[in-house]
1. Sorted by average packing, counted as other Cβ atoms within 10 angstrom per residue and highest first, what order do 79-85, 108-114 take?
2. Is the C-alpha gyration tensor of region 34-138 telling us rounded, prolate or oblate? Criteria: a/c under 1.5 is rounded; beyond that, a/b larger than b/c is prolate, otherwise oblate.
3. Which value, in debye to the nearest 20, gives the size of the charge dipole of the chain about its Cα centre, when Lys and Arg are +1 and Asp and Glu are -1 at the Cβ?
4. With n ≥ 4 as the cut-off for DSSP H runs, can you work out [θ] at 222 nm for the chain, using -39500 (n - 2.57) per run divided by the number of residues, rounded to the nearest 500?
5. Rank Met121, Val18, Val90 by how far each Cα sits towards the positive end of the charge dipole of the chain (+1 on Lys, Arg Cβ; -1 on Asp, Glu Cβ) and give me just the farthest.
6. May I ask you to give the percent of accessible area on region 40-138 that is carbon plus sulfur, with a probe radius of 1.4 Å?
7. Determine the sum of side-chain charges near Gly130: Lys and Arg each +1, Asp and Glu each -1, restricted to other residues whose C-beta is under 15 angstrom from that of Gly130.
8. Mind checking the per residue accessible area of the chain for me, 1.4 Å probe, whole number of Å²?
Amino acid sequence: MIRIIIAVIVGFSVWTIVWLGSEEVLSRLYPDWFGIHQIEFEKASFNNTPYWVEDTSILIWNIVRGAIISIVAGFVAALIGGENKKSTLVLGICLLLFSFLIVYTTWTMVPIWYHVLFSLMLIPMTMLGGRLKNSAAS
């Protein structure tokens, strides 16, 4: 049980670090596209001012990036947990619960389809990461 708890904590930490790190990298590589969006989005979030993400390519890219990061985090959780079901499911649930907080704070800033797709892919992608761990081991 302790291994699963540690696996979930590490998996959540990996997800967060890779998400924030990739945001920073993308902002520096594409300052006129991703970077300006991040600056404006963060300003609006912190100041509770209106902002609407109009560039769907950023939203789609975030969903793809989130799916990839969730797979990686699920893989890491399964590796540490020594199994691939409980740790990845709990990790996915934790990510989903955290996503509800993000949805709540950004509800008016992005379209509902983005909130739904992003949130719904978290559990399946973390569990896929756990299954990939089994494939890599055999």
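1. Working: 79-85: 18.4, 108-114: 14.0.
Highest mean packing first, the order is 79-85, 108-114.
2. On the way: a/c = 2.85, a/b = 2.29, b/c = 1.24.
Verdict is prolate for region 34-138.
3. Numbers: 8 positive and 8 negative charges, 145 e Å.
In debye, rounded to 20, the chain gives about 700.
4. Numbers: 5 runs with 113 residues, N = 138.
Roughly -28500 deg cm²/dmol at 222 nm, from the helical runs in the chain.
5. Value computed over the given set: Val90.
6. Numbers: 3980 of 5540 Å².
C and S fraction of accessible area: 72 percent.
7. Working: positive: Arg3, Lys85, Lys86, Arg131, Lys133; negative: Glu83.
That works out to +4.
8. Details: 8080 Å² over 138 residues.
Accessible surface, normalised per residue, equals 59 Å².
The values are calculated or read from the model by the stated rules, or taken from the named source; none is laboratory data. Nothing here was measured: the structure is a model prediction, and the numbers come from that model. Cβ coordinates were reconstructed from backbone atoms using ideal geometry, including for glycine residues, and neighbour counts include every protein chain displayed. Remember, those area values only see protein heavy atoms, side chains included, never the ligands or the DNA or RNA. Shrake-Rupley method; radii C 1.70, N 1.55, O 1.52, S 1.80 Å.
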